[in-house]
Each structure stands twice: as structure tokens, then as C-alpha cells.
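J.: If you scroll down you'll find the structure; I have some questions about it.
The values are calculated or read from the model by the stated rules, or taken from the named source; none is laboratory data. This structure is a prediction, so every number in the text was calculated from the model and none was measured. All Cβ positions, glycine included, derive from the backbone under ideal geometry; neighbour counts span all protein chains shown.
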Amino acid sequence: MKKIILFILLPVLTFGQANDNSMIGTNIGLDLAYIKRELSMPYKSNRLKIDGNKYFFKKPSNATLLLTEEETPVNVITNYNLLEQTFDIFDGTETLKLLPNKIKKVIFPDKEFVSINDKFYEVIEINDNFSLLADTYLEIYFPEYTPGIQDKPDPKYRKKNSVFLYYKDRFNYVERRKSFLVSMFDKKIAKDVNSFIKKNKISPRDNDELKSLFIEFHSSLNR
């Protein structure tokens with residue numbers, strides 16, 4: 001059965017999920033009024049209803065914001081909106097979205113996001129030599145059906161991500177293929193890279209295993 005695939009990266013759809021009052025933010029040293037005034041802006045979701053969770057986490061969670069222009073971190077309760085690719089905060093009356101140009105990092109207990117070029121990315125690895133980042137989003141698709149025989153099905157979705165190497169202030173798309181990974185390094189060490197991948201059973205689909213490859217050979221990147 002064929003499926004029609006749409007990649008939704010812009011705020012054009014709305015999920016059938018009510019705002020959760022648990023997303024009201026608290027903070028360290030600064031109050032919610034400051035967050036509303038300086039770090040976020042209100043927005044309204046759009047029209048098409050799709051049942052399900054559009055967020056990265058099952059529930060909103062406590063996070064620390066490291067700011068671009070302030071040294072004092074801010075503590076909020078938030079969740080990453082995969083559909084609109086922003087962080088949602090609900091202040092009790094409206095939904096706010098955090099502004100990536102005002103925030104350097106959003107740090108959860110077991111996950112971290114970084115803002116680069118006014119966009120949030122999920123961190124796989126960040127060090128002094130390179131950053132390995134994931135652009136995480138929802139893939140929306142419409143199952144095929146037979147009109148007149150079957151009811152039109154609701155749109156469905158699944159969580160996806162694309163991986164990027166941020167190196168020397170440039171984004172490089174990382175294809176999840178062994179041959180492509182080998183090509184990202186100096187040809188002189190291709191044999192060593194192949195051996196490392198084989199010995200450590202590196203799967204291009206596994207972010208943590210990708211990280212170990214780049215940590216091992218970052219000095220020979222040719223991107």
C-alpha cells in the first residue's frame with residue numbers, strides 16, 4: 001500500500017492536545033514577566049487537528065535556560081514542540097514559545113538543546129572540536145484508502161531526525177551510510193575509519209555510536 005509522505009517543518013498544523021497548566025514556568029532570579037517580555041512570544045497553533053503528542057517528551061519537564069545576553073540562568077518548565085520546532089511554555093492563559101535568538105542552550109536533566117542561527121537543535125555531542133546535532137521533527141503522512149469503501153483515515157505521524165556536523169561554523173548533513181561516513185574524513189585514514197566502524201560495530205542509525213566515531217577521528221575531518 002502506498003503512502004503519501006509530507007515533511008512538516010513549519011508551524012502549519014495543530015494537534016488535538018490541550019495545553020497543560022504544568023507548563024507554567026518558574027525561574028532562578030528572574031520572574032515569569034521577564035520570560036514573557038524578553039525570552040518568548042505568544043503564538044497560536046493552526047487548523048488541522050491530528051490526535052497525539054506533538055512533543056519531544058511525554059510531559060513538560062524542568063529545564064535550565066542559558067541566555068545569550070544574561071549570565072543568570074533561568075529555570076522553566078517546558079517541552080519541545082516537534083511540529084513547530086520550538087519550546088512551549090504555558091503561563092496559565094496563553095502558550096508562549098521561547099526565542100532561539102535570546103537563548104544559547106536549553107538543558108534538561110538527560111537532554112540538551114542548543115540554539116544556532118536562530119534554531120534549536122538536539123545535542124548529540126558538543127566539544128571544543130565539533131558539534132554533532134540532530135534536527136528533530138515530526139513526519140506527517142496520510143495513509144492511502146479507497147474512497148467510498150473506507151472512511152478517510154486521520155493523518156498519522158512519527159518522530160524523525162536528521163543529523164548534522166557543525167564544524168568550522170558550517171553545517172554538514174550527515175548521511176546515515178557507512179560509505180558516506182568514511183568520506184567525511186581524510187582519505188589517508190579511510191582504512192582506519194573502516195576498521196573502527198567494523199571493530200566497534202558502529203551503526204549509522206545510532207546517534208551515540210556516531211558520536212564515538214567523530215570523537216575518535218575529529219582531527220582528520222575534511223569538511
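J.: Restricting attention to the stretch 170-177, does a residue exist that is of a type in the set (K, R), surrounded by fewer than 13 Cβ atoms within 10 Å (Cβ to Cβ), in a loop (DSSP other than H, G, I, E, B) and touching a Pro at 6+ places or on another chain (Cβ under 8 Å)? Lay out the reasoning, then the answer.
T.: Our first condition is that a residue be of a type in the set (K, R); within the stretch 170-177, this holds for 170, 176-177.
If we keep only those that are surrounded by fewer than 13 Cβ atoms within 10 Å (Cβ to Cβ) as well, we get 170, 177.
Remaining after also requiring in a loop (DSSP other than H, G, I, E, B): 177.
Those still in the list that are touching a Pro at 6+ places or on another chain (Cβ under 8 Å) too: 177.
Yes, there is a match, as at least one residue in the stretch 170-177 is of a type in the set (K, R), surrounded by fewer than 13 Cβ atoms within 10 Å (Cβ to Cβ), in a loop (DSSP other than H, G, I, E, B) and touching a Pro at 6+ places or on another chain (Cβ under 8 Å).
J.: Sticking with this structure for a sec: Are any residues in the stretch 138-172 small (G, A, S) and modelled with pLDDT under 90, and if so, which ones? Write out each step before concluding.
T.: To start, the set of residues in the stretch 138-172 that are small (G, A, S) comprises 148, 162.
Once the filter is applied, which keeps residues that are small (G, A, S) and modelled with pLDDT under 90, the stretch 138-172 yields only G148.
J.: Restricting attention to the stretch 76-90, which residues are among the polar types (S, T, N, Q) and touching a Leu at 6+ places or on another chain (Cβ under 9 Å)?
T.: Just the residues of the stretch 76-90 that are among the polar types (S, T, N, Q), to begin with: 78-79, 81, 85-86.
Passing the criteria: T78, Q85, T86.
J.: If F120 satisfies every condition in (1) in contact with a helix residue (DSSP H, G or I) (Cβ under 9 Å, 6 or more places away or on another chain); (2) surrounded by 15 or more Cβ atoms within 10 Å (Cβ to Cβ) but one, which is the exception?
T.: In the conditions (1) in contact with a helix residue (DSSP H, G or I) (Cβ under 9 Å, 6 or more places away or on another chain); (2) surrounded by 15 or more Cβ atoms within 10 Å (Cβ to Cβ), F120 misses (1) alone.
J.: Next up: Note down all Cβ pairs under 9 Å where the first residue falls in the stretch 99-111 and is more than 14 Å from N75 (Cα to Cα), the second is aromatic (F, W, Y) and assigned to a loop (DSSP other than H, G, I, E, B), and they're at least six residues apart or on different chains.
T.: Cβ pairs passing all conditions: K111/F56; K111/F57.
J.: Next question. Quick one: how many residues across the stretch 157-193 are under 15 Å from I124 (Cβ atoms), without any contact (Cβ under 8 Å) to a residue 12 or more places away in the chain and over 21 Å from the mean Cα position of the chain (by Cα)?
T.: Summing the residues that are under 15 Å from I124 (Cβ atoms), without any contact (Cβ under 8 Å) to a residue 12 or more places away in the chain and over 21 Å from the mean Cα position of the chain (by Cα) in the stretch 157-193 gives 0.
J.: May I ask you to list the residues in the stretch 78-111 that are in contact with a helix residue (DSSP H, G or I) (Cβ under 9 Å, 6 or more places away or on another chain), among the hydrophobic types (A, V, I, L, M, F, W, C) and closer than 15 Å to P60 by Cα?
T.: Residues satisfying the conditions are I89, F90, L96, L98.
J.: Another question, if that's okay. Among (1) over 19 Å from D206 (Cβ atoms); (2) surrounded by 16 or more Cβ atoms within 10 Å (Cβ to Cβ); (3) touching a Lys or Arg at 6+ places or on another chain (Cβ under 9 Å); (4) touching a residue at least 24 places away in the same chain (Cβ under 8 Å), where does D154 come up short?
T.: Unmet condition: (2).
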